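Inspection log for the structure reproduced underneath, given as structure tokens.
The values are calculated or read from the model by the stated rules, or taken from the named source; none is laboratory data. This structure is a prediction, so every number in the text was calculated from the model and none was measured. Glycine gets a Cβ as well: all are built from the backbone with ideal geometry, and neighbour counts include every protein chain shown.
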Amino acid sequence: MKRSKSSFHAMALTSAIVSHLAGGPLAGVFIGKWIDDLLSTAPTFLIIGLFLGLGAGTYGTIHLVRTYSGDD
């Protein structure tokens with residue numbers, strides 16, 4: 001039973017990491033595109049949103065892994 005629980009924890013951690021790394025940039029791109037459409041500034045805010053999303057996703061992943069491993 002212990003091994004099965006550990007496997008589910010590993011799958012949960014993996015899916016959380018993937019959602020942080022994919023969700024942050026996607027949200028940044030969509031928000032940046034939306035602001036670009038409002039202000040008619042071609043790809044400026046899309047690029048800013050992409051970089052902010054990458055940063056947020058990376059930070060969230062590092063925080064998650066540190067919390068999970070007990071280093072926090």
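Within the range 32-52, residues that are farther than 18 Å from Ala22 by Cα sit with their Cβ atoms under 9 Å from residues that are among the charged types (D, E, K, R), at 6+ positions apart or across chains, in these pairs: Ala42/Asp36; Pro43/Lys33; Pro43/Asp36; Thr44/Asp36; Phe45/Lys33; Phe45/Asp36. Residue check: is Ile17 touching a residue at least 40 places away in the same chain (Cβ under 8 Å), out of contact with any Lys or Arg (no Cβ under 8 Å at 6 or more places or on another chain) and surrounded by 15 or more Cβ atoms within 10 Å (Cβ to Cβ)? The answer is yes for Ile17.
Can you confirm whether the range 33-40 contains a residue that is of a type in the set (S, T, N, Q) and assigned to a helix (DSSP H, G or I)? No, the conditions are met nowhere in the range 33-40. Here the condition is being in contact with a Gly (Cβ under 7 Å, 6 or more places away or on another chain) and in a helix (DSSP H, G or I); of Leu54, Leu13, Leu64, it holds for Leu54 alone. Starting from residues that are closer than 18 Å to Ser69 by Cα and among the charged types (D, E, K, R), keep the ones in the range 3-58 and report whichever is nearest to the chain's Cα centre (by Cα). In this case the residue turns out to be Lys5.
Residues in the range 32-47 that are surrounded by fewer than 17 Cβ atoms within 10 Å (Cβ to Cβ), within 30 Å of Thr14 (Cα to Cα) and in contact with a helix residue (DSSP H, G or I) (Cβ under 6 Å, 6 or more places away or on another chain): Lys33 alone.
Going by what's in this entry, would Ser7 be described as loosely packed, with under 13 Cβ neighbours inside 10 Å, out of contact with any strand residue (DSSP E or B) (no Cβ under 6 Å at 6 or more places or on another chain), at pLDDT below 95 and not hydrophobic (A, V, I, L, M, F, W, C)?
yes
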